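K.L.:
Before I ask anything, let me first share the structure, which is written out below as structure tokens.
The values are calculated or read from the model by the stated rules, or taken from the named source; none is laboratory data. Values in this document were obtained by computation on a predicted structure and should not be read as measured data. All Cβ positions, even for glycine, are placed from backbone atoms using ideal geometry, and neighbour counts span all protein chains on display. When the accessible area is computed, the model is the full protein with side chains, heavy atoms only, and any ligands, DNA or RNA have been set aside. Shrake-Rupley method; radii C 1.70, N 1.55, O 1.52, S 1.80 Å.
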Amino acid sequence: MPPDAKILILTHNLFFFQELLKLAPPKVKNFEKQYSLLRVVKNEFSDVITMSKGDIKNEYESYWEVLKNVKDGIVNPVILPNVMRNILEYYFSFSCKLDNLKIALEQLAESENDITYKSFCRYMHRGSHSDSSNINNLGRGSTEKYFAIFKDVFDKTDDLPHYNRMFGVEIDKEIAE
């Protein structure tokens, strides 16, 4: 292959992406000479942003990165409910706390008069891909509300430290104690 040849690989399969990275030079300096990693993000308009080799570690962390991108206005919030559901399913099934999740969702749905809480909880209860009527269009106006409810779930299950760590929120230790 000629030295100036370029190969472009597009994927949204994280496993395949990680396998390609394993074939690349391990040293950052050598990697950056030979490779460019770009991410296509979709909002009102599509954009391509540069990323580094260590930006994506696993699927779970990728979901949290998407939440941060929605908060920063980089990614369209229409994906928010599905990403949140995936995070909740991953975290609470991995930590063997699915019952806690169910109880927290039920308590939130019952305790709040805001219909957004009830719809959020119903959406989370349905599970991934189990109900085709889940397809929805989350408007920009309720993005903040969905983030607040999502945080409330972690708070109600006593998992707020995990939520804060994944969002990179630094808690002042004196205040926490």
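K.L.:
Rank by packing, highest mean first: peptides 3-9, 117-123, with packing defined as the count of other Cβ atoms within 10 Å averaged across residues.
P.N.:
Ranked from most to least packed, the peptides come out as 117-123, 3-9.
K.L.:
Once you list every other residue whose beta carbon is under 14 Å from the beta carbon of I49, what net charge do they have if Lys and Arg are +1 and Asp and Glu are -1?
P.N.:
Details: positive: R39, K42, K68; negative: D47, D55, E65, D72.
Within the 14 Å Cβ shell, the charges total -1.
K.L.:
In addition: Once a ≥ b ≥ c are taken as the square roots of the eigenvalues of the Cα gyration tensor of the chain, is the result rounded (a/c under 1.5), prolate (a/b larger than b/c) or oblate (a/b not larger than b/c)?
P.N.:
Details: a/c = 2.24, a/b = 1.79, b/c = 1.25.
Prolate.
K.L.:
V48 to N76: extension gain in nm, 0.36 nm per residue of separation minus the Cα-Cα distance?
P.N.:
Details: separation 28, 0.36 × 28 = 10.08 nm, distance 1.41 nm.
Net length gain for the segment: 8.7 nm.
K.L.:
What are the GluC sites (Glu not before Pro) within the stretch 27-70 that DSSP puts in a loop, where the Cβ has at most 15 other Cβ atoms within 10 Å?
P.N.:
Sites meeting the loop and neighbour criteria: E44.
K.L.:
Rounded to a whole number, what % of the accessible area of the stretch 39-86 do carbon and sulfur atoms account for, probe 1.4 Å? Don't skip to the end; give the middle numbers.
P.N.:
Details: 1330 of 2600 Å².
Reported share for carbon and sulfur atoms: 51 percent.
K.L.:
To the nearest 20 Debye, how big is the dipole of the chain about its Cα centre, given +1 on the beta carbon of each Lys and Arg and -1 on that of each Asp and Glu? Don't jump to the answer; show the numbers that get you there.
P.N.:
Details: 23 positive and 26 negative charges, 153 e Å.
Roughly 740 debye, rounded to the nearest 20.
K.L.:
Further, regarding this structure: Please state the relative contact order of the chain as a whole percent: Cα pairs under 8 Å, 6+ residues apart?
P.N.:
Values: 120 pairs, mean separation 29.3, N = 177.
Value for the chain: 17 percent.
K.L.:
What accessible area per residue comes out for the chain, rounded to a whole number of Å², with a 1.4 Å probe?
P.N.:
It amounts to 69 Å² per residue over the chain.
K.L.:
I've got another one for you. Full-extension gain between V40 and A148, please, as 0.36 nm times their residue separation minus the C-alpha to C-alpha distance. Walk me through the numbers before you get to the answer.
P.N.:
Numbers: separation 108, 0.36 × 108 = 38.88 nm, distance 2.72 nm.
Roughly 36.2 nm would be gained on extension.
K.L.:
Which FRET efficiency, nearest 0.05, do Y60 and R122 yield, Cβ-Cβ r, R0 25 Å?
P.N.:
Numbers: r = 24 Å, r/R0 = 0.95.
Between Y60 and R122 the formula returns 0.60.
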